[in-house]
Amino acid sequence: FDFCQAEGKKRPSENLGQVLFGERIEPSPYRFTFNKKETCKSVCTKTYDTTKPEDKQKLDFLKKSMLLNYQHHWIVDNMPVTWCYDVEDGQRFCNPGFPIGCYITEDGRPKDACVINSEFHEKDTFYIFNHVDIKIYYHVVENEALGARLVAAKLEPKSYKHTHPDNPDCSGVPMDISNKASGEVKIAYTYSVTFHEEKSIRWASRWDYILESMPHTHIQWFSIMNSLVIVLFLSGMVAMIMLRTLHKDIARYNQMDSTEDAQEEFGWKLVHGDIFRPPRKGMLLSVFLGSGTQILIMTFVTLFFACLGFLSPANRGALMTCAVVLWVLLGTPAGYVAARFYKSFGGEKWKTNVLLTSFLCPGIVFADFFIMNLILWGEGSSAAIPFGTLVAILALWFCISVPLTFIGAYFGFKKNAIEHPVRTNQIPRQIPEQSFYTKPLPGIIMGGILPFGCIFIQLFFILNSIWSHQMYYMFGFLFLVFIILVITCSEATILLCYFHLCAEDYHWQWRSFLTSGFTAVYFLIYAIHYFFSKLQITGTASTILYFGYTMIMVLIFFLFTG
């Protein structure tokens, strides 16, 4: 963007999660000394001569970023520097970033941040926020060794056309860049900083003021109640079926003396000789089950840690780092589960099974990620992952995850196959004509609706935190929703599975995986809707990136719900 740059300062080191999410922290040219007040200090002056093509290109890029409302994100002592302003209902909203500038349209309408100042009135003009008033709040530590701690940093973006850039006075008209301007444009960047003592904020709770201004906690409770009602309804249904049907049937079995009565079986008891027939494509199903178990445990542990407060927003990139490391370490359960199921399906090719478990799903995710990275790299984006990190991720996968999967599979194959309570007949039974709603596809499509209904409000906030850079800190809610989702998926699948068996259709393995796995398809549809209704993304590369990353999330979600 060609803002002022810090000379010769080293970049702060970053953890794996930050690198994967493309967060790059740069050193700053704005220098503060504690408790030393600065007024209107100059940082640097940039001059653009519009007759030179490279200068014009830089200026156009700056204009485009103002038009699209790009934001600065600044960090002081690991705290985001916030810009707080009043919104409706007398509330203050604290934004953890502030815009580069703003634009007044040709018919004189101010866009985005231009509404803050009535002096911004020239038509078809850009106003750049080249001056910031920073207020740093601290409290003095009483009982320990003398010192002070920073508890908040706030700023006001301003725009000034400095008449003397060498000794600026920070007054006068705003810095306007007319869209049609030609000749020389000079932008002088300046700042003022003041320090204020704030006794009421404790250092431990210094993030609260940012999080409080994030709205929507009441929506959350509403959505949780909504989901709980669905869960109660489903649990009631499952319990009813279990109690009524099974109780009746067991009672009837106990009364039987002669074999004649046994001929008059009905519903799901007719298929007892076929119920444990191995499914078609049993290899793929067992691999999916293995990877799904891995993701399920990973999500559970990550959210559990996040609830305990280890992965707060203050700890940048911790969430992603934790998830990746856990996923790598959980190769063993994946191998074990895949091997157990594959063996119980009567599979013989155990080498193929282990290799697929360790490479199929991670391989798809990695390939997708790699292609996205190539696009970022081609666009020259700062979010592109350096080659070293890619090698490190591959090393984690091949040197830790794969051996662990092999160990898990070894134990899975060593154990005896799962014993089936009934024998499988030699000859497969014919499946009668099915009614519309017991056919495979309608059942699967219906099955995904209930779990999706439980999560879609949370989904909105999660997508916002990924794409619109809002902070996500409601891990308690998320953990609750996660538990509800697990229960809903299981119960919806049990119900539908029961209906299918009553209709004498014994192909239940794939169907039960896909019934709740179909939630991921609804998730994809929702992500497409979100893209068109909430995001203003232009350009091919950005669109491909959005959908590329969405596909990774959809695949992980599919394995997890299934």
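Amide H contacts of C44 (H built 1.01 Å from N, in plane; Pro and chain starts excluded): Y189 sit under 5 Å, all sequence-distant by 5 or more or on other chains. For the set E119, E348, E14, solvent exposure ranked by accessible area (probe 1.4 Å, protein chains only) runs largest to smallest as E348, E119, E14. Compactness ratio for the range 289-419: Cα radius of gyration over 2.2 N^0.38 Å (N = residue count) comes to 1.21.
Return a whole-number percent for the relative contact order of the range 30-210, with Cα pairs under 8 Å and 6 or more residues apart as the contact set.
Numbers: 370 pairs, mean separation 52.8, N = 181.
Relative CO of the range 30-210 lands at 29 percent.
Around the amide H of S213, modelled in the peptide plane, lie the amide H atoms of C94, all under 5 Å away and 5 or more residues distant in sequence or on another chain. With a 1.4 Å probe rolled over the protein heavy atoms of all chains, the accessible area of F532, F518, F34, F305 falls in the order F532, F34, F305, F518, largest first.
With the full set of protein chains in place, find how many percent of the accessible area of the chain is carbon and sulfur; take the probe as 1.4 Å. Present the calculation step by step, with values, prior to reporting the outcome.
Working: 18840 of 30280 Å².
Of all accessible area on the chain, carbon and sulfur atoms account for 62 percent.
Cβ distances below 4.7 Å define possible disulfide partners, and in the chain the cysteines left without one are C307, C322, C361, C399, C454, C489, C497, C502.
Taking every protein chain into account, the 1.4 Å probe leaves H469 with about 120 Å² of accessible area, to the nearest ten.
Measuring nothing but how far apart in sequence close Cα pairs (under 8 Å, 6+ apart) lie, relative to its length, the chain scores a relative contact order of 15 percent. Taking the centroid of alpha carbons for each part, the range 135-196 and the range 1-57 are 14 Å apart. In this rough spin-label picture, where each label sits 7 Å from Cα along the Cβ direction, the V301-Q536 distance is 4.3 nm. In this rough spin-label picture, where each label sits 7 Å from Cα along the Cβ direction, the K135-N117 distance is 1.8 nm. For K180, the lysines whose Cα comes closer than 24 Å to its Cα, not counting residues fewer than 8 places off in the same chain, are K46, K52, K56, K58, K63, K64, K111, K123, K158, K161.
In Å², what does the accessible area per residue of the chain work out to with a 1.4 Å probe? If you can, show how the numbers build up before the last one.
Details: 30280 Å² over 562 residues.
With the other protein chains kept in place, the chain gives 54 Å² per residue.
Distance between the C-alpha centers of the range 529-562 and the range 450-499? Whole Å please. Centre-to-centre distance over Cα atoms comes out at 17 Å. Reported to the nearest whole Å, the Cα centre-to-centre distance from the range 283-297 to the range 340-373 is 9.
Annotation for Q426 and A181: the two label points, set 7 Å from Cα along the Cα-Cβ direction, are 9.1 nm apart. Phi angles of the range 428-435 translate, via the Karplus equation with coefficients 6.51, -1.76, 1.60 and θ = phi - 60°, into HN-Hα couplings of x, 6, 7, 8, x, 4, 9, 6 Hz per residue; Gly and Pro are given as x.
Residues in the range 289-300 carry Karplus couplings, in order, of 5, x, 4, x, 4, 4, 5, 4, 5, 4, 4, 4 Hz; the curve used is 6.51 cos²θ - 1.76 cosθ + 1.60 with θ = phi - 60°, and Gly or Pro positions show x.
Which order do D166, D208, D176 take by accessible area at a 1.4 Å probe, largest first?
On the way: D166 145, D208 70, D176 50 Å².
The ordering from most to least exposed comes out as D166, D208, D176.
Rounded to the nearest 10 square angstrom, Y30 shows an accessible area of 40 square angstrom against a 1.4 Å probe. In this structure, H196 and T352 have a Cβ-Cβ separation that, at R0 = 56 Å, corresponds to a calculated FRET efficiency of about 0.25. Between H469 and I552, the contour length at 0.36 nm per residue exceeds the Cα-Cα span by 28.0 nm.
Multiply the residue separation of T163 and T47 by 0.36 nm, subtract the distance between their alpha-carbon atoms, and state the gained length in nm to one decimal. Intermediate results must be reported in sequence, preceding the final value.
Values: separation 116, 0.36 × 116 = 41.76 nm, distance 1.38 nm.
Value of the extension gain: 40.4 nm.
When the Karplus curve 6.51 cos²θ - 1.76 cosθ + 1.60 is applied with θ = phi - 60°, which whole-Hz ³J(HN,Hα) does each residue of the range 32-38 get, with x for Gly and Pro? Couplings: 10, 10, 4, 6, 9, 7, 10 Hz.
The values are calculated or read from the model by the stated rules, or taken from the named source; none is laboratory data. All values derive from a computational prediction rather than experimental measurement. Here Cβ is always computed from backbone atoms with ideal geometry, including for glycine, and neighbour counts include all displayed protein chains. For the accessible areas, the whole protein counts, side chains as well, though only heavy atoms, and no ligand, DNA or RNA atoms are used. Shrake-Rupley method; radii C 1.70, N 1.55, O 1.52, S 1.80 Å.
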